[in-house]
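Notes to accompany the following structure.
Every read-out reported here was derived from the displayed coordinates using simple, explicitly stated rules and does not represent laboratory data. No experiment lies behind these values; they were computed from the predicted model shown. Heads up, the Cβs are rebuilt from the backbone with ideal geometry, glycines too, and the neighbour counts pull from every protein chain shown.
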Amino acid sequence: MSDVIVVDYGAGNTRSVCAALTHLGHTSEVTSTPEKIERASHVILPGVGSAKSAMEHLNETGAAAALRQRFADEGQILGICLGMQLALDASEEDGGVEGIGLLNGVVTRLDAERVPRLGWALVEPWGDAYYFAHSFAAQSNDVVATSEGITAAVQRGSFLGVQFHPEKSAQAGLDFLERCLSLA
Amino acid sequence: MPLARLIPCLDVANGRVVKGVNFVGLRDVGDPVELAAFYSDGGADELVFLDIAATPDDVATMTSVIAKVADVLEIPFTVGGGVRSVADATRIIESGADRVSLNSAALASPWLISAIADRYGSQAVVVAIDAGDGVVHTHGGRIATNTATIPWAVEAAERGAGEILLTSIRQDGKRTGFDLELTSAVRSAVSVPVIASGGAGSPEHVAEALRITDAALIASIVHENPMGLPGLRREIENLGINLRPLKERA
């Protein structure tokens, strides 16, 4: 079995995430099979598509329930962009969508000078610049890093979610992914 | 605001990079995959690939180029040229591109912008505008339309474009600097980011553009000397522009 499961929710492309994992010497599989999500050594919930269709797919395939079980069993999960937002209770996107609910918090339309917020920005307190591309942002008590005052990362238990795209953030992103995957 | 972005643009036809790339230091300058990786290592913040042939045969070739680029590149990239339908956008994005750029097809069928944005999000849709004398031009800038530039930029953003790629046809290829007035006017009319394009001849030109807008598209200034990208970045930073800090491989 591949050592990293990239959760498939039927939208867009997961190719970049898998390419970054390959680059780091990991094998990956894109799937929504619940058993694989529960048992994998690492799980990534990627960030592509829209909240509504993603949640529909995750609920229909049983992947959402499998992610909740994995979280309860303290298995590591990394959420990227939309994948991080989906882990919260709910999102304003697409007229309101109920999330997976691993963390308390909601996703609201981004209040920034330019929306979508596109480009590289420093993440505090981590220090490096990462690539962001988003129109919504997480509001949560579990924020562990910010970028220009906007939620850049949330963490609770074995779930870590980031608003930026590590797979698109050159060396800083690869270093970040490597650190995540070194956590058991 | 996120940091200013420097975006090299590669013109591709039949799977090969065309137009003025000097190949000092590159094994095969015509290979878009190798050149993309080279620019990424040199500190490009993003890349744009423009399929300038976009014939039926060329589409299949381009799709395989996109997949190969996605496998080696760890920065975002946009693909434009010949995007005429949601199916074209789907093919490009699902092959691994982060964003598609629409130009004349958006002008002819503005609903395309929202159709693609609804599916992939606004951040995945760039609308390219070739502007001159206050109006939008088509056919690589050769034909003037009756559509006024600024209202079109506003409409494109309202319909879901997540970024405007604004080329001044007056300045394009001249290397005498960007059209700052046009760029400022469009940027103040919309609330999405704007990429300035056309006219970069020196680090000063790029810095001038980055003082007033979000990103600058560069072509010949970098293609003439691909090895010079890190130096160009440093010169732009020395002119007071904050670019992303580059991180060395450990």
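Under 1.5 on a/c is rounded, so check that first for the protein assembly as shown, then, if it is not, pick prolate when a/b is larger than b/c and oblate when it is not; a ≥ b ≥ c are the square roots of the alpha carbon gyration tensor eigenvalues. Provide the component values of the computation, followed by the final result.
Numbers: a/c = 1.66, a/b = 1.53, b/c = 1.09.
Since a/c reaches 1.5 and a/b is larger than b/c, the shape of the protein assembly as shown is classed as prolate.
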**Asked** Summing Lys, Arg as +1 and Asp, Glu as -1, what charge do residues with Cβ under 12 Å from the Cβ of residue B:86 carry, residue B:86 excluded?
**Response** 0
**Message:** Which residue fluctuates most in the GNM of chain A (Cα springs below 10 Å): A:95, A:105, A:62?
**Reply:** A:95
**Alpha-carbon centroids, segment A:128-184 and segment A:1-70: separation in whole Å** = 17
**Item:** Potential lengthening between residue B:212 and residue B:14 on full extension [0.36 nm per residue; Cα-Cα distance subtracted]
**Value:** 67.7 nm
**Fill in**
When B:111, B:152, A:120 are ranked with the fewest other C-beta atoms within 10 Å first, the list becomes B:111, B:152, A:120
**Asked** GluC sites (Glu not before Pro) within segment B:170-250: which are DSSP loop residues with at most 10 other Cβ atoms inside 10 Å?
**Response** B:248
**Complete:** Extension length gain for residue B:60 and residue B:234 (0.36 nm per residue less Cα distance), in nm, is 58.8 nm
**Asked** How big is Rg to Rh over segment A:4-182, alpha-carbon atoms, Rh as the Kirkwood inverse-mean-distance radius?
**Response** 0.93
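Contour minus end-to-end for residue B:247 and residue B:227, with contour as 0.36 nm per residue of separation and end-to-end as the Cα-Cα distance? Provide the component values of the computation, followed by the final result.
On the way: separation 20, 0.36 × 20 = 7.20 nm, distance 1.76 nm.
Full-extension gain reported as 5.4 nm.
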**Positive-pole candidate from B:72, B:92, B:6, dipole of chain B, charges at beta carbon** = B:6
**Prompt:** Residues with amide H under 5 Å of residue B:18's amide H, sequence separation 5 or more or different chain, H placed in the peptide plane at 1.01 Å from N; which?
**Reply:** B:11, B:12, B:13
**Message:** Nothing charged except the Cβ atoms of Lys and Arg (+1) and of Asp and Glu (-1): what's the magnitude of the dipole of segment A:54-162 about its Cα centre? Round to the nearest 20 debye.
**Reply:** 160
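Using alpha carbon coordinates only, what is the Rg to Rh ratio of chain B, with Rh defined as the Kirkwood radius? Working shown, then result.
Numbers: Rg = 16.8 Å, Rh = 18.0 Å.
Across chain B, the Cα-based Rg/Rh ratio is 0.93.
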**Request:** Could you check the simple spin-label distance between residue A:22 and residue B:204, using points 7 Å along Cα→Cβ, in nm with one decimal?
**Result:** 4.6
**Request:** Over the whole of B:115-124, what's the average partner chain Cβ count within 10 Å per residue? Rounded to a whole number, please.
**Result:** 5
